Amino acid sequence: MHARLAALKRLMSLYGGIEEISSMDLQRAIAAVQETEQAIDMEEERARLSNFHGRDALIAGDALGLAAARTQRQIAEWRQERLWEIRREREMLKDEARKQYIATRLQSEQMKYVVGNTAAQMEVEEGRKTQTTLDDRFLARRRWTDMREELRASIEISSS
């Protein structure tokens, strides 16, 4: 039984390691989504700045500056669209990583439960064995004492 408990503890350790790896994968996926969101925010800021530059160029009558501002805005919008696609892909990967983490976490908790129950069961069995041994000793001593008293009684009866 001790060998079984040791094997279960090794297995529990393995499940814990897998859970930890899944947790790190989830953290990386979350970071990737956040990174994409930051890039989207930066492109929004670039588009906003190009609007300001375009207005300034329009007020100044700078046709070349206005064309450059429009081009910068179009590039920023194109990048935002592409980043939104990347974000959706990374969000799906994050959801998959979360599902995997939850599954490995559940398996790890189940193994902890099995190990805990097995250890408790072993303690109960060892307690029962100890109690059985003590009971056997008590009964053996009692029989020995009873037989000794019977022998004395029979000796006293035969002497009288």
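The values are calculated or read from the model by the stated rules, or taken from the named source; none is laboratory data. No experiment lies behind these values; they were computed from the predicted model shown. Positions of Cβ are generated from backbone atoms using ideal geometry, with glycine treated the same way; all protein chains shown enter the neighbour counts. Note: accessible area is taken over every heavy atom of the protein model, side chains too, but ligands, DNA and RNA are not part of it. Shrake-Rupley method; radii C 1.70, N 1.55, O 1.52, S 1.80 Å.
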Region 79-108, residues that are over 13 Å from T36 (Cβ atoms) and either touching a Phe, Trp or Tyr at 6+ places or on another chain (Cβ under 9 Å) or open to solvent by less than 70 Å² (accessible area, probe 1.4 Å) (or both): D95, A97, Y101, A103, T104, Q107, S108
Within the bounds of region 117-125, is there any residue that is loosely packed, with under 13 Cβ neighbours inside 10 Å and either at pLDDT 95 or above or among the acidic types (D, E) (or both)? yes
Here are some conditions: (1) under 30 Å from D25 (Cβ atoms); (2) open to solvent by 100 Å² or more (accessible area, probe 1.4 Å); (3) not hydroxyl-bearing (S, T, Y). M147 meets all but one. Which one does it not meet? (1)
Odd one out for A69, checked against (1) farther than 30 Å from R10 by Cα; (2) under 40 Å from the mean Cα position of the chain (by Cα); (3) of a type in the set (G, A, S): (2)
Looking at region 117-137, I want the residues that are small (G, A, S) and have a partner that is open to solvent by less than 70 Å² (accessible area, probe 1.4 Å) with Cβ atoms under 9 Å, at least 6 apart or on another chain. Which pairs are those? A119/L5; A119/L8
The one condition in (1) farther than 30 Å from E125 by Cα; (2) under 28 Å from the mean Cα position of the chain (by Cα); (3) surrounded by 13 or more Cβ atoms within 10 Å (Cβ to Cβ) that L11 fails to fulfil: (1)
